[in-house]
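Computed from the coordinates by the stated procedures, all read-outs in this text should not be read as laboratory data. Not measured: the values here are computed from a predicted model.
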Amino acid sequence: MIEVKQLTKEFRIAGDKNLTVLKDINLVIEQGDIFGIIGMSGAGKSTFIRCLNLLERPTGGSILIDGVDITMKKGRDLLALRKSIGMIFQNFNLLMQKNVSRNIAFGLEITKVADFVIPGIDKEDYKELGFFQKRKLKKKEIQRRVDELLRLVDLEDKKYEYPSKLSGGQRQRVAIARALATSPSILLCDEATSALDSRTTDSILKLLKKINEETGVTIVMITHEMNVVQKICNKVAVLDKSEIVASGYTEDVFGDTSSEIVAQLLGGGE
Ligand code: ADP
Ligand code: MG
């Protein structure tokens, strides 16, 4: 369902120099996969995952979702794309001035493309976007959906709490509910458990697995932590210095003792 072909990303840096961050990336992620992308810090993982929802525009190659190349999408089509792809982050990126309920309702209340900013992402990233009016959901419909999501992430008793009063694990649960509000078919997770202790990590991974099984949502998980991949990813790609150096079923990739980078990652990563 996600097919990445010869994807490249270069950043223009000081002067006229280009920094190649992704080089000829080829990957197929199938519907229902929990697909891990693992690599050291600076390997290009975040840049890759940000290309999947066009927070970064690739400089070459294509990304097909259900057979359609998304890389040129704009305006109304880009909004639809963003609603079909949820995203969560290491630092949760909740709206601190809004309570849990309003955080979760965020994506359901949007009427302008320009407002559909994933919290924590620089608004500048959206400046090329146009304006698009859509039918607003009724307040009641939004509340029904929020309650459903609160049940899913097991936070019904925190509905009117503010993020500052929540633990890290609870904040990530709110972020997951918010990301799922528009019923996306893909959930992108950028180091979603890296700020959490190991017990909380386990409970978040369990939740993601449950959501994957119950809703069939495809999950793409960026991480530098081997154990995260081993716990829930059925497939994995290893990203090393801008390139995919191994990919396949998790047990095959990590079972390959001849791979130097896999040995390094097994040895504790960073
Ligand atoms: P990872 O998530 O694997 O740690 P990133 O994708 O964040 O790696 O970064 C990969 C490389 O791209 C790093 O060298 C980083 O400095 C560079 N990079 C990321 N974003 C930008 C940007 N907007 N401009 C220039 N360089 C960037
Ligand atoms: Mg990163």
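Using 0.36 nm times the number of residues separating Glu141 and Glu30, minus their current alpha carbon distance, what extension gain do you get?
Net length gain for the segment: 36.8 nm.
Please list 3J(HN,Hα) in residue order for region 55-60, calculated via the Karplus relation 6.51 cos²θ - 1.76 cosθ + 1.60 where θ = phi - 60°; whole Hz, with x for glycine and proline.
Each residue's phi maps through the Karplus curve to give 5, 10, 8, x, 9, x Hz.
In whole Å, how far is the Cα centre of region 36-52 from that of region 143-205?
Here the two parts' Cα centres lie 22 Å apart.
Once you have a ≥ b ≥ c as the square roots of the Cα gyration tensor eigenvalues for region 2-267, tell me rounded if a/c is under 1.5, and otherwise prolate or oblate according to whether a/b is larger than b/c.
Because a/c hits 1.5 or more and a/b fails to exceed b/c, region 2-267 counts as oblate.
Please list 3J(HN,Hα) in residue order for region 248-257, calculated via the Karplus relation 6.51 cos²θ - 1.76 cosθ + 1.60 where θ = phi - 60°; whole Hz, with x for glycine and proline.
Karplus values, whole Hz, x for Gly and Pro: x, 5, 3, 5, 5, 5, 7, x, 7, 6.
Between Phe89, Phe106, Phe11, find the one with the highest GNM mean-square fluctuation for the chain; connect C-alpha pairs within less than 10 Å.
Most flexible of the set in this elastic network: Phe11.
Go ahead and set up a Gaussian network model of the chain, Cα springs under 10 Å, then flag whichever of Lys138, Lys45, Lys17 fluctuates most.
It is Lys17.
Give the long-range amide H neighbours of Phe35: residues separated by 5 or more places, or on another chain, with amide H under 5 Å away, using H modelled in the peptide plane at 1.01 Å from N.
Ile219, Val220, Met221
Full-extension gain between Thr8 and Glu161, please, as 0.36 nm times their residue separation minus the C-alpha to C-alpha distance.
50.8 nm is the gain from fully extending Thr8 to Glu161.
May I ask you to derive the relative contact order of the chain, considering only C-alpha pairs under 8 Å and at least 6 residues apart, and to give it as an integer percent?
Relative CO of the chain lands at 27 percent.
Return the calculated 222 nm mean residue ellipticity for the chain, to the nearest 500 deg cm²/dmol, obtained by summing -39500 (n - 2.57) across DSSP H runs with n ≥ 4 and dividing by the residue count.
It comes out at -9500 deg cm²/dmol, rounded to the nearest 500.
Explain nothing, just compute: Karplus ³J(HN,Hα) = 6.51 cos²θ - 1.76 cosθ + 1.60, θ = phi - 60°, for every residue of region 186-193 in order, whole Hz, x for Gly and Pro.
Rounded to whole hertz, the list is 10, 10, 9, 10, 9, 6, 5, 10.
Report, ordered by chain and residue number, the aspartates and glutamates lying within cross-link reach of Lys139, taken as a straight Cα distance under 16 Å and ignoring same-chain residues fewer than 8 apart.
Counting by Cα, and skipping residues close in sequence, Lys139 has these aspartates and glutamates nearby: Glu109, Asp147, Glu148.
Output the antiparallel fraction of DSSP beta bridges having both residues in the chain, as a percent to the nearest 5.
For the chain, the DSSP antiparallel bridge percentage is about 50.
Give me the number: length gained by fully extending Lys98 to Glu260, i.e. 0.36 nm times residue separation minus the C-alpha to C-alpha distance, one decimal in nm.
53.7 nm
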